[in-house]
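Structure first, commentary second.
Here, each number is a calculation from the coordinates, and none is a lab measurement. From a predicted model like this one, the values you see are computed outputs, not experimental measurements. Because the Cβ atoms are built from the backbone with ideal geometry, glycine has one as well, and the counts that use them run over all protein chains shown.
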Ligand code: PAF
């Protein structure tokens, strides 16, 4: 595996790979890697010739400076994990490398895709995500990019960004990996105590229960019941929404194909998100 810090070097390597007729798979990450990320690397290896993974904690997508400061960082361990899973190129850029002076932000109108759920509670978050992912796509020029569906809204936003900016990248959404307990794998889980990991399971239980209730109740009934059930825990709920998977609008009245329940909550100081197709 080659560990690269400069965008110019990535461009050279990619140009050589393209000349050799190879396809490029890209897995963007913010590090603190876990099995969920490794599943993305494995998927990328199955579908493309060269796999590039980036490890970059992007400051522009954090609306809360404390959250940015406390975001787990384990770069040595990340590099070792990527190498062990057959990643070809690990890109560890600096902030200056990703945001050189004078670099322009893409113009993308995300509309309500970026203002509901995560967008409501983390204003500006998706502008930062679009800014960094578009910059990565320009540098890496992947054929396919692999994103975990735990960030369900992010996948919808990235697909819309690709459509509007005309990137020739196929977005490959990959299923959420869970601990045997059901807890969705997340870099943020590193900040949970064992006791909090038990408490956080209430998120998965709420989603599973909603999935069961969806068989015989309306979206509004399922939502009300899920919120009441969730609030029996000590966690602080930010939102529980049942949305159309394409528009991300709350379902009013009837069920649609692919309806998805999305939740965000604080377990102590740690903000967790999860979702489940109902
Ligand atoms: O999902 C993430 O880890 C981040 O939002 C991403 C896509 C790496 C952009 O910083």
Does anything in the stretch 33-60 have its amide N under 13 Å from the 7 Å Cα→Cβ label point of residue 2, and if so which residues?
-> 50-53
So what's the back-of-envelope 222 nm ellipticity for the chain, counting only DSSP H runs of four-plus at -39500 (n - 2.57) apiece and dividing by all residues, rounded to 500?
-> -12500 deg cm²/dmol
Evaluate E = 1/(1 + (r/R0)^6) for residue 66 and residue 216, where r is the Cβ-Cβ distance and R0 equals 45 Å; express this FRET efficiency to the nearest 0.05.
-> 0.60
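Say R0 is 30 Å: what FRET efficiency, to the nearest 0.05, do residue 15 and residue 73 get from their beta-carbon distance?
Working: r = 31 Å, r/R0 = 1.02.
Efficiency, rounded to the nearest 0.05: 0.50.
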In whole percent, what relative contact order does the stretch 21-111 give with Cα contacts below 8 Å and a gap of six or more residues?
-> 33
Compute the distance in nm between two label points, each set 7 Å from the Cα along the Cα-to-Cβ direction, one at residue 197 and one at residue 178.
-> 1.6
Alpha-carbon centroids, the stretch 120-174 and the stretch 188-225: separation in whole Å | 26
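Can you give the relative contact order of the stretch 9-55 as a percent, counting alpha carbon pairs under 8 Å and 6+ residues apart?
47
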The Rg/Rh figure for the chain, Cα atoms and Kirkwood Rh, to two decimals is 0.97
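Relative contact order for the chain using alpha-carbon pairs under 8 Å, separation at least 6, rounded to a whole percent? Numbers along the way, then the final one.
On the way: 473 pairs, mean separation 48.9, N = 278.
Once normalised by length, the contact order is 18 percent.
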Residue 105 versus residue 205: modelled label distance in nm, points set 7 Å from Cα along the beta carbon direction = 4.2
